[in-house]
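The values are calculated or read from the model by the stated rules, or taken from the named source; none is laboratory data. Everything numeric here is computed off the predicted structure, so don't read it as measured data. Note that each Cβ is placed from the backbone with ideal geometry, even for glycine, and that neighbours are counted across all protein chains shown. When the accessible area is computed, the model is the full protein with side chains, heavy atoms only, and any ligands, DNA or RNA have been set aside. Shrake-Rupley method; radii C 1.70, N 1.55, O 1.52, S 1.80 Å.
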Amino acid sequence: MEILRNKKAFICDMDGVIYHGKNLLPGVAEFVNWLKTEHKKFLFLTNNSALTLRELSEKLGRMGLDVDESHFYSSARATAAFLASQKPNGTAYVIGDAGIINALYDEGYSINDTNPDYVVVSEGDNYDYARICKATRLVNEGAKLIGTNPDLTGPVEGGVLIPSTGALLAPIELATGSKAYYVGKPNPLMMRNALKKLGCQREETVIVGDRMDTDMIAGIEAEIATCLVLSGVSSRENVKQFAYGPDYILNGVGDIVPS
């Protein structure tokens, strides 16, 4: 635990690690206070692309945590940056909420539902059959298919799992025969961007998350120390199903704080 606590930088997932829906998880307030007191560099790195960075900051604020938006990075931001690097000032048809739409605007993209360069899908309340049909037609006509993250599910209040981007993209992939490119974790692009924002080396950093298939594999492939918390999707039993394992397994982030 001393090796873990002595890390200079912490990359933390949010859903299932910091909160479930609108409910802060036990030990999180103490953990965030410890990060600040110990002058750790930290970044909340979320595959959830529905909210803007400001909205993520304000969400924690409503839960009693004061964290500046500079400490957040999302798959929406990573996706927008990737598209801008591939085709500057391009266009996209988007199924998603403010997080991905604002990120695309900030990178010089415009929204186009006629002949876009990309169809971009993320989690959001405006997902419906009509938009699935529109996205399918546009992909069949040549638009490239992008997913903000590959997560099939995500936890909400009470730890209940609901469909996430990977599940929402499945009908479009099946109907078009096109496989989406996913930018969020475990894509190494996301991890490299996170390290750049922190200004730290991988050896100085640990990623804390609740998912073996995104958070832990992202850390392993980026050669960053991994800490799995059991406050979200994963359990000790399903860890055994994977060919790789985390460096640490804790009940929650509160366990990192010295008692």
Specify the residue that is most open to solvent (accessible area, probe 1.4 Å); the eligible residues are those in the range 194-203 that are within 14 Å of Cys12 (Cα to Cα) and of a type outside the set (Lys, Arg).
Leu195
Among Val94, Val67, which is the only one that is among the β-branched types (Val, Ile, Thr), in a strand (DSSP E or B), surrounded by 16 or more Cβ atoms within 10 Å (Cβ to Cβ) and touching a Leu at 6+ places or on another chain (Cβ under 9 Å)?
Val94
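Give Gly209, Gly254 a once-over and let me know the one that is modelled with pLDDT of 95 or more, under 20 Å from Lys40 (Cβ atoms), open to solvent by less than 50 Å² (accessible area, probe 1.4 Å) and touching a Pro at 6+ places or on another chain (Cβ under 7 Å). Break it down stepwise before answering.
Working: Gly209 fails: touching a Pro at 6+ places or on another chain (Cβ under 7 Å).
Of Gly209, Gly254, the one residue that is modelled with pLDDT of 95 or more, under 20 Å from Lys40 (Cβ atoms), open to solvent by less than 50 Å² (accessible area, probe 1.4 Å) and touching a Pro at 6+ places or on another chain (Cβ under 7 Å) is Gly254.
Residues are listed down the side, and each one gets a yes or a no for (1) assigned to a loop (DSSP other than H, G, I, E, B); (2) over 14 Å from the mean Cα position of the chain (by Cα):
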position: Leu4; (1), (2): no, yes
position: Lys7; (1), (2): yes, yes
position: Ile11; (1), (2): no, no
position: Phe44; (1), (2): no, no
Could you please let me know if Asp151 is buried (at least 24 other Cβ atoms within 10 Å of the Cβ), under 19 Å from the mean Cα position of the chain (by Cα) and at pLDDT below 95?
yes
Just one listed residue, out of Phe44, Phe72, is open to solvent by less than 60 Å² (accessible area, probe 1.4 Å) and touching a His at 6+ places or on another chain (Cβ under 8 Å), and it is Phe44
Looking at (1) under 20 Å from the mean Cα position of the chain (by Cα); (2) touching a residue at least 24 places away in the same chain (Cβ under 8 Å); (3) more than 30 Å from Thr114 (Cβ to Cβ), find the lone condition where Arg54 falls short.
(2)
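I need the strands (runs of 3 or more DSSP E) fully contained in the range 142-241, keeping only those with at least 3 residues that are aliphatic (A, V, I, L, M) and touching a residue at least 40 places away in the same chain (Cβ under 8 Å).
Numbers: elements: 144-147, 153-155, 161-163, 205-209, 225-229.
Per the criteria, 205-209.
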